[in-house]
Amino acid sequence: MQISRVFKKAAAALVAAMLVCGMAVGCSSGGSGDVITLRLWGSQEDQVMLGEMVESFKASQPGKNFEIILSVVGENDLKSRYLEDPEAAADVFAFPNDQLYDLVNAGALYEITLNKAAIIAANGPGSVEAASVGNSLYAYPMTADNGYFLFYDRSVISDEQAKTLDGILAAADAAGKRVFMDLANGWYIVSFFFGAGCTMHLSEDGRQILDFNSPAGVRAGEAIRAFAAHPAYVSGDDAVLTGGMGDMIAAGVSGIWNESAIRGKLGNNFAATKLPTFTSNGEQLQMGSFGGYKLVGVNSLTQNPLEAMALAEWITNEANQIKRFEMRTLGPSNLVAASDSRVLANEALAALAMQSQYATSQKDVAGGYWAPAGAFGTTMVAKDNSKTIQELLDEMVAQIQN
């Protein structure tokens, strides 16, 4: 991926500013009496938590007078908000890792240089890769929980049955219940394609390259069609899953954001594990998944890069990742935090960790993938058999790679 001219100009300006300041390790906005103003964006749900983190950061910086302005901009909205007016964007902000390439190519992100080796060592390899382009680190890993796994009702489905999609469907069907998965969403149906051995990546010019219409892809497509046609299958959005779990629904594929609602419905029958295997040509194939991470970036246009990096590092450090788990049940990317007994005791996060070994980074997905993949899934859910799987996959891949 190529870094934009805007970023190169911004980087050159920062280097020049540092040389003018005559500093080998950095330049602040002034002496100890001057106010250093930083703007911080975060989601609505994180405002109280971020406020506490900001106060502890200030306390950790004796001799510096910080004014940190906290505003609401959710992670998913970050890229569009930044691109609207880069100069009006916050100094520090959170975003999902699938926005990384676009932000880097837009010149939005300051390359992380302060304590880089320590940050890499402290976080899981997957999260570091998700925050990097080549050997350059462009963000701080914040969470390792933007993925999905299997929730199930242990009173209907045994732990052994939960290992295979066939076992899950059979148990649910026998109990007159349903199995949920949003197959009309390209984020979820990729599980079958990755399980069958398909791959996807971005070319140097940012185009999506994938082999989902290969013989392996056809195997995945046939498995998706069979799943959607099963009498125990049910589709829909998160509301269908959370509303029906423990009643109509005995198992469903989702993520940590629905853990509390599902646990509330199932009580002692709550269970979670990695995604199951599925049958293809008499063989059991392990479902893959997308692995997503939330990151914290520093605006390349910040007037206080060292202080902005220090703030970003602080709100993503070990202690604050544990705090994020305690207050928001968000899974840590920090290795020590992830091994904390409180985190390990969370069955949903343990399930996500099990699934992570079969996950593919979501940062290598272009925006043009989602609509065609969703359309293919919608055809499966509609039980439309007017075209062969090969024909449908050829159409999907042609649209994605166009």
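A few notes on this one:
- Residue selected from region 318-345 under the condition part of a loop (DSSP other than H, G, I, E, B) and in contact with a helix residue (DSSP H, G or I) (Cβ under 8 Å, 6 or more places away or on another chain), by the criterion nearest to ILE112 (Cα to Cα): SER333
- Restricting region 171-181 to residues that are in contact (Cβ under 8 Å) with a residue 24 or more places away in the chain and outside any strand (DSSP E or B), the residue that is most open to solvent (accessible area, probe 1.4 Å): ASP173
- Selection of first residues in region 57-76 that are under 13 Å from ALA310 (Cβ atoms) and of second residues that are among the charged types (D, E, K, R), restricted to Cβ pairs under 6 Å at least 6 apart or on distinct chains, gives the following pairs, ordered by first then second residue: PHE66/LYS58.
- Qualifying residue in region 357-375 (condition: of a type outside the set (A, V, I, L, M, F, W, C), open to solvent by 50 Å² or more (accessible area, probe 1.4 Å) and at pLDDT 95 or above): no
- Failed item, numbered, when SER203 is tested on (1) open to solvent by less than 30 Å² (accessible area, probe 1.4 Å); (2) within 27 Å of GLY331 (Cα to Cα): (2)
- The numbered conditions (1) closer than 23 Å to PRO332 by Cα; (2) exposed (fewer than 15 other Cβ atoms within 10 Å of the Cβ); (3) not β-branched (Val, Ile, Thr) are all true for MET53 except (2).
- Single condition GLN61 does not satisfy, out of (1) buried (at least 16 other Cβ atoms within 10 Å of the Cβ); (2) in a loop (DSSP other than H, G, I, E, B): (1)
- Restricting attention to region 155-169, the residues being more than 15 Å from GLY246 (Cα to Cα), surrounded by fewer than 16 Cβ atoms within 10 Å (Cβ to Cβ) and without any contact (Cβ under 8 Å) to a residue 24 or more places away in the chain number 1.
- For region 78-153, the helices (runs of 4 or more DSSP H) that sit wholly inside it and include 2 or more residues that are open to solvent by less than 10 Å² (accessible area, probe 1.4 Å) are 78-84, 100-105, 125-130.
- Applying the condition of being on the phi < 0 side of the Ramachandran plot and more than 18 Å from the chain's Cα centre (by Cα) to region 183-198 and asking which residue is most open to solvent (accessible area, probe 1.4 Å) yields ALA184.
- When residues of region 382-402 are limited to those that are assigned to a helix (DSSP H, G or I) and over 17 Å from ARG219 (Cα atoms), the one least open to solvent (accessible area, probe 1.4 Å): ILE400
- Considering residues of region 304-338 that are of a type in the set (Ser, Thr, Tyr) and modelled with pLDDT of 90 or more only, the residue nearest to GLY126 (Cα to Cα): SER333
Let's see how each residue does on (1) among the small types (Gly, Ala, Ser); (2) over 18 Å from PHE376 (Cβ atoms):
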residue	(1), (2)
LEU202	no, yes
ARG207	no, yes
LEU210	no, no
MET245	no, yes
SER254	yes, yes
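- Among residues of region 321-337 that are at negative phi, those with a beta-carbon under 6 Å from a residue that is polar (S, T, N, Q) and part of a helix (DSSP H, G or I) at least six positions away or on a different chain give the pairs PRO332/GLN321; SER333/SER127; ASN334/GLN321; ALA337/GLN321.
- Per-region count, region 273-303, residues touching a Leu at 6+ places or on another chain (Cβ under 8 Å), open to solvent by 10 Å² or more (accessible area, probe 1.4 Å) and part of a loop (DSSP other than H, G, I, E, B): 1
- Any pair with Cβ under 7 angstrom, 6 or more apart, that starts in region 236-261 at a residue that is under 17 Å from VAL156 (Cα atoms) and ends at one that is of a type in the set (Ser, Thr, Tyr): LEU241/SER254; ALA250/TYR152; ALA251/TYR152; VAL253/TYR148; VAL253/TYR188
- Whether a residue is assigned to a helix (DSSP H, G or I) and modelled with pLDDT under 95 was assessed, and ALA350 passes this test.
- Identity of the residue in region 233-267, open to solvent by 30 Å² or more (accessible area, probe 1.4 Å) and among the acidic types (Asp, Glu), that ends up nearest to ALA223 (Cα to Cα): ASP237
- Here ALA312 fulfils each of the conditions (1) open to solvent by 20 Å² or more (accessible area, probe 1.4 Å); (2) in a helix (DSSP H, G or I) apart from (1).
- Criterion applied to PHE149, PHE180, PHE93 was being under 19 Å from the mean Cα position of the chain (by Cα) and closer than 30 Å to ALA250 by Cα, and the one residue passing it is PHE149.
The values are calculated or read from the model by the stated rules, or taken from the named source; none is laboratory data. Nothing here was measured: the structure is a model prediction, and the numbers come from that model. We place every Cβ from the backbone using ideal geometry, glycine too, and count neighbours over all the protein chains shown. Side chains included, ligands, DNA and RNA excluded: accessible areas come from the protein's heavy atoms. Shrake-Rupley method; radii C 1.70, N 1.55, O 1.52, S 1.80 Å.
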